[in-house]
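Here the structure is laid out as structure tokens; the discussion comes afterwards.
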Amino acid sequence: MDMSRRTMLGGLVVGVGAAAFGKAGAAEPKAIALKQYKNEDFYKDGKFDVEAAKQAYYEMMWYYNYPVPPRLKTDEFWALDFGLGLFTEVGMAGIFWMNNQKDNYFGHEIYLLPGQMIPEHKHVKTDAAGPKMEGWHVRHGYIYTYAEGTPTPGVDSRISPSHRECSKARTELKLMPGEYAMLNGPEQWHYMKAGPEGAIVTEYATYHDGAGLRFSHPNVTM
């Protein structure tokens, strides 16, 4: 990656890289407008409707002319509401393109609907792996990242309601397409939140061991 900017901000290392995205399959025609969803659109009889969630992400992919290869139509592509019942606020979809423990590398695509956030979390050392280190490269839309460090002025009003009491990561950074950021140290609290048109983000990281995942919100479940 040819980097033209690299700076330090709070718990993040940030920079700009190429935003080109290799073709992985035929893209659907771009939608006229990105759909707007209500939280109740994703619940049926009080239960999270995974298929409805996936369909919303496919529609966002079509909006961005993002390639949808066959693998994204399998169970390897997953969507979560993290047990909070607030999918349009706290949720995500993703696919682990690779997760190699032997050689210690990981490739992940993150999909966020408009205004959606990944719950605040950190990755701790486990018997199988060291504390996961990671970086995020924005492909489409934009995100706000939140890291440990000096709180950004006015950040409290921008933290999603579910996390205002528990959030520890309050250094805020906006990342546009082609920009990236990374954790500046192990076991740091962090999360991201999409802008008003959602976001598609590539994550580069060391091996991901789910046993090392910790959430600051006491009611989050996987």
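To keep it simple, each residue is scored yes or no on (1) under 27 Å from Met98 (Cβ atoms); (2) of a type in the set (A, V, I, L, M, F, W, C); (3) touching a Pro at 6+ places or on another chain (Cβ under 8 Å).
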residue: Met117; (1), (2), (3): yes, yes, no
residue: Asp127; (1), (2), (3): yes, no, no
residue: Val155; (1), (2), (3): no, yes, no
residue: Lys168; (1), (2), (3): no, no, no
residue: Pro177; (1), (2), (3): yes, no, no
residue: Val201; (1), (2), (3): yes, yes, no
residue: Asn219; (1), (2), (3): no, no, no
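Counting just the residues of the range 151-164 that are loosely packed, with under 11 Cβ neighbours inside 10 Å and over 17 Å from Ser216 (Cα atoms), which one comes out modelled with the lowest pLDDT?
Only one residue fits best here, namely Ser157.
Against the conditions (1) within 21 Å of Met182 (Cα to Cα); (2) touching a His at 6+ places or on another chain (Cβ under 9 Å), where does Asn100 fall short? Just the number, please.
Among (1) within 21 Å of Met182 (Cα to Cα); (2) touching a His at 6+ places or on another chain (Cβ under 9 Å), the lone unmet condition for Asn100 is (2).
Consider only pairs whose beta carbons are under 6 Å apart and that are at least six residues apart or on different chains; among these, list those whose first residue lies in the range 209-222 and is surrounded by 10 or more Cβ atoms within 10 Å (Cβ to Cβ) and whose second residue is among the charged types (D, E, K, R).
Listed pairs, sorted by first residue: Arg214/Lys122; Ser216/Glu120; Ser216/Lys168.
Assigned to a helix (DSSP H, G or I), buried (at least 17 other Cβ atoms within 10 Å of the Cβ), touching a residue at least 24 places away in the same chain (Cβ under 8 Å) and small (Gly, Ala, Ser): is that true of Ala79 in this structure?
In short, no.
Among the residues of the range 165-178 satisfying the criterion of being among the charged types (D, E, K, R) and within 12 Å of Tyr146 (Cβ to Cβ), which is surrounded by the most Cβ atoms within 10 Å (Cβ to Cβ)?
Glu172
The values are calculated or read from the model by the stated rules, or taken from the named source; none is laboratory data. Please read these numbers as outputs of a predicted model, since none were measured by experiment. Here Cβ is always computed from backbone atoms with ideal geometry, including for glycine, and neighbour counts include all displayed protein chains.
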